[in-house]
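Below is one structure, written out as structure tokens, with a few remarks after it.
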Amino acid sequence: MRKPFLVALSAFVVLGVGGYFGLTAYVNHVARSEVDSALGTLRAGGVEASVGTVTYDLFAGRFELTNLSLVGPVQGALKIGSLVANGVAQRGADRVFAQAVELGDVTLSPPLLIGAPNISQYRAPRVAITALEFPTQAPVDGSPPQIALDFFRGITAERIDIPASTGTGAVGAGDARVTSEETNGDIRLEGLAKGRFATVDAAPSRFTIAGPSGGTGQGSIGRVAIKGFDVAGMMILLDSELRQANDQFITIHDSVAMEDYQITMEGGIAQRIARLSMKDVAIRPAAIPVDELLQAREQLEKIGAAGTEAPPAETAALFRMAAVIYDEGIRIGGLSAEGVEGTAPGGFAFGLGSFTVGAIDGGRMDSFALEKLTGKGPDGKGFQMGRFAIGGLKAGTLMSLLADGSEDPQSVGRWPAPFFNTVESVEIANVVSPTDKGSPLNIDRFALTWTAEPDALPTRISATLRMSGPTALINAGNSAFALVPGQMDRASIAMDFGAAWNEADNSVVVDPAYLEVSDAFSFNAKLTLSAVDDSVFSTEPDEALAGAMEVNLGALDLTVTDAGLYDQKLEAAAKEQGLKPEEVRQLIAGFADLLLAQAVTDRPELGPAVEAFVRFVQKPMGTLALRLTPRHEPLPMLLIVEALNSEDPLGLVDELNVETLPAP
């Protein structure tokens, strides 16, 4: 967005008008000496300042000067070819008023932090200021930015009009150099007081970009409307002492709205945003590492010009600066974009109904959501997603993780705790994705939420999934193929999972743990674990694993319901063996009875559970419900895992009590 930055022109223009056609106002007929005195004050602060002719007509209330030039000691410059002020009059003992001020041939090179990233100079043939009022005296102590800020906050103006203006700039060097030009329509700023404009309105503008292959294009921006623009707040960033003295948030914009952004790049890449808006944009100057950012920008431009990649240390430093800004330096009430669409060569196209970002405060982004996402590839097949949302995205934490990954890529993914501390929830809904199996993959809803203390694994987690798709997507060599209803072209899957830690009694309850495949089966479980202390949730892998080794089984309730899968697999096995399905069923039941008979002999109390299991395999479409508890407490989960992975997993039965439960 270029035009909002052009508003900075008004700040420097007004400053030039006020500060240099009379810091101590007009005193009778000595306007020239007063202007020279004002410029001398600025020269003492390191500003290169000069002016051409200066005239003042006391009776007509008319002041004129030509060829005013101001160049900052580090960056920033303002040149005014001509200035004519009419209706000049004293307002009290310490203020001057001008009914109308006309500026001609204005050139502004704003400091990097106020101008657009790729625009270094603005030109305006004419600038008109209505009802300008300013102090007769300005501070003479401090750096040029400090003097300018104090004086600017004392200026008021009813309106500033910039009928037309242009902007030019370049970034990079050599083969990586990118130049930009923009042509702006009418810009109007109203209600200047205490360094803040009440409103800013900008008519549509056009821009062009010229760079390396693929980096040339043109575009346009529709009308821009801003409510509240604190130019003084932005000027604070220009001076280190001012930044350190301002440790509270300053609202720069109450709201910003932009219409109809369009860009077309060479080769056929195009993008359009119908409307973009944000609100309550605030900065905390003391927390923004301005000097470091400017140094990083300069270094990255050198790297780009050399055609090399940034060293990991440089990239990591940039990410860490971004983390600090997110965590401590900015606050935004919300942001949204509507009607986003784009195309790319080869027949690629995408669309997005809306993109919204919730409040950003303390480095935490309340929500991040994409609505009505569509895409199309060269084959004409379309992809749809009704909603993709992330809740509680900690942008500062994410930047820190990216910094760590830049320095040590192998550290990424070693342990999941950092991920859980970056995001609080993920949601996907109404996905329709094409497949090569004749019908699409549908995800009606996927939701995952969790709660975690800072720098810890989640102590509460919940997940749900509802999806459907062609069964042919599961390869016969995949172990999951055994759970797929082979006689059905499509299947639906439902899954729910929940787990919570009770700190008071150091227990975890997993409930529900539910999985259902249509026309196949359903599985439901409730698991209770004991001796779960807070070390299990540590971000340190060794500590978490040591804590997990102390966890014991409390109880496990299992319910399995056959919904047709057993019959289907029996028929497939019978066909392969040249038998009848009923014969295969009886073989399985007999084998199960024989296998478990010894267990019943040794432990008669297992009889009801064994009988229930045999009945389940003898009769399709049945339900098996069992409860497993430790025979001797404690029963470590580590022992259970080792037994299940041993050559004799049924030996685990000796450690368990197994009883039947009423079928649901």
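The values are calculated or read from the model by the stated rules, or taken from the named source; none is laboratory data. Quick caveat: nothing in here was measured; it's all calculated off a predicted structure. Here the Cβ is made from the backbone with ideal geometry for all residues, glycine too, and neighbour counts use every protein chain on show. What goes into the accessible areas is simple: the full protein's heavy atoms, side chains included, and nothing from ligands, DNA or RNA. Shrake-Rupley method; radii C 1.70, N 1.55, O 1.52, S 1.80 Å.
Numbers at a glance
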item: Part-to-part distance (alpha-carbon centres) for the range 214-253 and the range 628-659, which is given in Å; result: 64
item: Solvent exposure of the chain as accessible area per residue, Å², 1.4 Å probe; result: 49
item: Whole-Å distance, taken between Cα centres, linking the range 300-368 and the range 193-211; result: 22
item: Inter-site label distance for ALA310 and SER277 at 7 Å from Cα along Cβ, in nm; result: 3.3
item: Residue-by-residue Karplus 3J(HN,Hα) for the range 50-62, coefficients 6.51, -1.76, 1.60, Hz, glycine and proline x; result: 8, 8, x, 7, 9, 9, 9, 9, 4, 6, 7, x, 10
item: Whether the range 277-340 is rounded, prolate or oblate, judged on the alpha carbon gyration tensor where a/c under 1.5 counts as rounded; result: oblate
item: For the chain, with +1 on Lys and Arg beta carbons and -1 on Asp and Glu, the positive-most of ILE147, VAL617, PHE388 along the dipole; result: ILE147
item: FRET efficiency, 1/(1 + (r/R0)^6) with R0 35 Å, evaluated for ARG43 and ALA100 via beta carbons; result: 0.75
item: Burial order of peptide ranges 268-278, 231-241 (average beta-carbon count within 10 Å, highest first); result: 231-241, 268-278
item: Extension gain from GLN598 to GLU259, taking 0.36 nm per residue of separation minus the Cα-Cα distance; result: 114.2 nm
item: Size of charge dipole - the range 203-355 - debye, nearest 20, with Cβ of Lys, Arg +1 and Asp, Glu -1, no other charges; result: 420
item: Amide proton proximity set for GLY76, modelled H, under 5 Å, gap of 5+; result: none
item: Cβ-derived FRET efficiency at R0 60 Å, THR53 paired with LEU441, nearest 0.05; result: 0.20
item: Förster radius 45 Å - calculated FRET efficiency between GLU633 and ALA573 (Cβ-Cβ, nearest 0.05); result: 0.65
item: Percent accessible area from carbon and sulfur atoms, the range 270-412, protein chains only, probe 1.4 Å; result: 58
item: Equivalent-ellipsoid semi-axes of the range 42-164, from the Cα gyration tensor, Å, largest first; result: 24, 18, 15
item: Potential extension, LYS381-ALA429 segment - 0.36 nm per residue separation minus Cα distance; result: 15.3 nm
item: Peptides 146-155, 47-56 ordered by average Cβ neighbours within 10 Å, highest first; result: 146-155, 47-56
item: Share of carbon and sulfur in the accessible heavy-atom surface of the range 538-583 [1.4 Å probe, %]; result: 56
item: Sequence ranges 335-344, 61-70, ranked by mean other-Cβ count within 10 angstrom, highest first; result: 61-70, 335-344
item: Modelled label reach - ILE303, point 7 Å along Cα→Cβ, the range 211-249 residues with backbone N closer than 20 Å; result: 212
item: Value at 222 nm in deg cm²/dmol, rounded to 500, when DSSP H runs of n ≥ 4 in the chain each add -39,500 (n - 2.57); result: -7500 deg cm²/dmol
item: Solvent-accessible area, 1.4 Å probe, carbon plus sulfur percent, for the range 118-239; result: 51
item: Nonlocal amide H pairs with ALA452, under 5 Å, H built at 1.01 Å; result: THR459
item: Gain upon complete extension [ASP408, ILE269; 0.36 nm per residue less C-alpha separation]; result: 46.6 nm
item: Relative contact order computed over the chain (Cα-Cα under 8 Å; 6+ residues apart), in percent; result: 5
item: The range 94-182: C-alpha gyration tensor shape, a/c 1.5 cut-off, then a/b vs b/c; result: oblate
